[in-house]
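The values are calculated or read from the model by the stated rules, or taken from the named source; none is laboratory data. Bear in mind that the values here come from a model prediction, so they are computed numbers and not experimental data. So basically every Cβ, Gly included, is an ideal-geometry build from the backbone, and we count neighbours across all protein chains shown.
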Protein chains: 2
Amino acid sequence: MEIALLGGTGDIGEGLALRWARDTDHTILIGSRMPEKARSKADAYQTQLTERGVEHDVEGYGNEEAAARGEIVVVSVPPQYASDTVEAVVPALDDGDVLVSPAVQMTRDADGFHYDPPAAGTVAEAIAAAAPAGIPVVGAFQNLAAGALTDLDNDLAADVVVTGDDGDAKEVVRSLAEDITGIRALDGGPLANTGVVESITPLLINLAMNNEGMHDLTVRFQ
Amino acid sequence: MEIALLGGTGDIGEGLALRWARDTDHTILIGSRMPEKARSKADAYQTQLTERGVEHDVEGYGNEEAAARGEIVVVSVPPQYASDTVEAVVPALDDGDVLVSPAVQMTRDADGFHYDPPAAGTVAEAIAAAAPAGIPVVGAFQNLAAGALTDLDNDLAADVVVTGDDGDAKEVVRSLAEDITGIRALDGGPLANTGVVESITPLLINLAMNNEGMHDLTVRFQ
C-alpha cells in the first residue's frame, strides 16, 4: 500500500516510517508543509535504513502531494494542527483513502501531563470533522512512545488500539499496524471510543517520569 | 495491617479480600451498609479460602465499624455512592488512616463503555472532597477486572497505578498492592493524575467486548 505520513518529519512519523520501511513492502511517503524538509528527512531515514542493510525507498513530498499519492494518510502532526492539515489536503483525498489519527492533545503542569482533548472530543473526531464525507477516519498508534518506535534496536511488544466507524478501514489499519513486528492491534470499537485510548498517552509519560527505570513506555492488555 | 473494604460485598471488594487473605497476613474487614450481609459475605469468602487450604480470618461489619477498625479504608462501593459512603464513616476515621479509591464512573451505550467522571473530576477526588482534613486519599486498583481478581486460579500479571498527594500514604498502598502476587504497583503521580488511570477501565471493557478471546483484561506498562 501507499502510506502517506503528513508531518512525517516529526518523531512519531519517523518511527512509523522506519518500522514500516524495515518490516514491509509498503510505499512510504513523508509529507511536510515544506517539501524540501520532507525530502531531506526522507533521505535521512533512508540512510539510517541502508546502514542497517534495509533496502527500501522513502520518498518526501509536500503534504498535499503525499496525501494525493497515499491511500492511507496518517495525520502525524502536532494535535493542534491536525484539523488545518486535513483541511489543506482535502482536494488531494480520493474515495477509498483512509485517514489515520495517531496524535494526542495534552497539557503539562507541575503534576505531570494531562489529557486535554480538543472541542470535537478527540483529535480523531477533530480530523473526522475536517475530512470530506466518505473518507473514513481511524484512530491508532496513539500509545506508542516515539522513543520506543524510532529506536530500531528496541524490540516492540506493544498493543495498538484501533477505533473507527468504518469496519473495512479499521481492518486495513489493524492489518498495517500488525505488519510492524511486535505490534498487536486490537479493535477498540467505534471512533466515539477514541478518547479513552488517547488519554492513555499522558499516563504513559507520567509513569515514565515517576518510576525509576521506566521510559518510552508502551501498553499491553492481557 | 487492618484493611477495611467498604462495600466489600461487591466484586472488586471480593477480589481484593480474597487476594489479600491468600497472599498476606493483613486483617481483612468486609464492610457493608448491612452488617449482616457483610458477615455473611465474609463467611462465604472464608469458606472459599478454606477449601483452598488457606487459613485466614475474614470479618464482616457495618461500614462504620469496618472503617473504625481499619487503617486502610478501601471505598469499593459503586462510584455514585463513594462520597456518601465516606461521609457516613467520617466519625470513624482516625489520624493515620488512608482512604483508597478503586472505583470508576462509566456510562454505557451502543458503542460500548465511556468514562463519565463525577463533577469533582474523578471518583478519587470526590472521595477526597468528602474526607476529613488530614486523611489522605490514594487512587489504586481501578484497572483490575473483577473477574481476573476473584478467580484465584487466575495468575495475575497486572500493573496497578497508584496516585496521591501524600507520599507516605501512597507508599503504603503501593506496598499493599504488591503484596498481592502478580501485581506490580507504579507511581502515577499526584491525585490530580487519577483521571487517566480511571479512564483505562472502560477501554479494557471495550477491548474485551470487541476482540475475540479477550476477557477480564488487565493492563501492563512496559
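Brief remarks on what is shown
- Candidates B:ALA129, B:ALA110 - the one that is at pLDDT below 95 and either out of contact with any Asp or Glu (no Cβ under 7 Å at 6 or more places or on another chain) or within 22 Å of A:GLY195 (Cα to Cα) (or both): B:ALA110
- Residues that are more than 17 Å from B:GLN80 (Cα to Cα) and either polar (S, T, N, Q) or under 17 Å from the mean Cα position of the chain (by Cα) (or both), drawn from the range B:142-156: B:ASN143, B:LEU144, B:ALA145, B:ALA146, B:GLY147, B:ALA148, B:LEU149, B:THR150, B:ASP151, B:LEU152, B:ASN154, B:LEU156
- Taking the numbered list (1) within 14 Å of chain B (Cβ to nearest Cβ); (2) without any contact (Cβ under 8 Å) to a residue 12 or more places away in the chain in turn, A:ILE183 passes all entries but (2).
- Out of B:ALA126, B:ALA140, B:ALA103, one residue alone is in contact with a Leu (Cβ under 9 Å, 6 or more places away or on another chain), crowded, with 20+ Cβ neighbours inside 10 Å and among the small types (Gly, Ala, Ser). It is B:ALA140.
- Out of A:LYS41, A:LYS37, sole residue that is of a type in the set (Lys, Arg), without any contact (Cβ under 8 Å) to a residue 60 or more places away in the chain and crowded, with 20+ Cβ neighbours inside 10 Å: A:LYS41
- The single residue among B:THR107, B:THR122 that is touching a helix residue (DSSP H, G or I) at 6+ places or on another chain (Cβ under 7 Å) and among the hydroxyl-bearing types (Ser, Thr, Tyr) turns out to be B:THR122.
- The sole residue among B:GLY7, B:GLY96, B:GLY53 that is free of Cβ contacts under 8 Å to residues at least 12 places away in the same chain and either among the hydrophobic types (A, V, I, L, M, F, W, C) or on the phi > 0 side of the Ramachandran plot (or both) is B:GLY53.
- Qualifying residue in the range B:171-192 (condition: part of a loop (DSSP other than H, G, I, E, B), under 17 Å from the mean Cα position of the chain (by Cα), at positive phi and not hydroxyl-bearing (Ser, Thr, Tyr)): yes
- Every condition in (1) over 14 Å from the mean Cα position of the chain (by Cα); (2) within 24 Å of B:ARG220 (Cα to Cα); (3) more than 10 Å from every other protein chain (Cβ to nearest Cβ) holds for A:PRO136 except the one numbered (2).
- Selected residue (criterion: nearest to the other protein chains (Cβ to nearest Cβ)) from residues of the range B:193-222 that are in a loop (DSSP other than H, G, I, E, B) and farther than 19 Å from B:ALA157 by Cβ: B:SER199
- Of all the listed residues (A:THR107, A:THR122), the sole one being over 14 Å from the mean Cα position of the chain (by Cα), farther than 23 Å from A:HIS215 by Cα and not aromatic (Phe, Trp, Tyr) is A:THR122.
- Residue count, the range B:69-89 (criterion: within 16 Å of B:MET106 (Cβ to Cβ), touching a residue at least 60 places away in the same chain (Cβ under 8 Å) and touching a helix residue (DSSP H, G or I) at 6+ places or on another chain (Cβ under 7 Å)): 2
- Being more than 14 Å from every other protein chain (Cβ to nearest Cβ), touching a residue at least 40 places away in the same chain (Cβ under 8 Å) and touching a Phe, Trp or Tyr at 6+ places or on another chain (Cβ under 8 Å) is a property that does not hold for A:ASP159.
This table checks each residue for (1) among the β-branched types (Val, Ile, Thr); (2) buried (at least 24 other Cβ atoms within 10 Å of the Cβ).
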position	(1), (2)
B:THR150	yes, no
B:ASP153	no, no
B:THR163	yes, yes
B:ASP168	no, no
B:VAL173	yes, yes
B:LEU176	no, yes
B:ILE180	yes, no
B:ILE183	yes, no
B:GLY188	no, yes
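- Residues of the range B:164-198 satisfying the condition of being hydrophobic (A, V, I, L, M, F, W, C) and either in contact with a Cys (Cβ under 6 Å, 6 or more places away or on another chain) or under 11 Å from B:VAL138 (Cα atoms) (or both): B:ALA169, B:VAL172, B:VAL173, B:LEU191, B:ALA192
- Of B:GLY96, B:GLY112, B:GLY53, all but one fail to be within 14 Å of chain A (Cβ to nearest Cβ) and small (Gly, Ala, Ser); the exception is B:GLY112.
- Strands (runs of 3 or more DSSP E) completely within the range B:1-109 that count 1 or more residues being under 30 Å from B:ASN206 (Cβ atoms): B:2-6, B:72-75, B:98-101, B:106-109
- Residues of the range A:139-148 satisfying the condition of being within 22 Å of A:SER175 (Cβ to Cβ) and away from every other protein chain (no Cβ under 14 Å): A:PHE141
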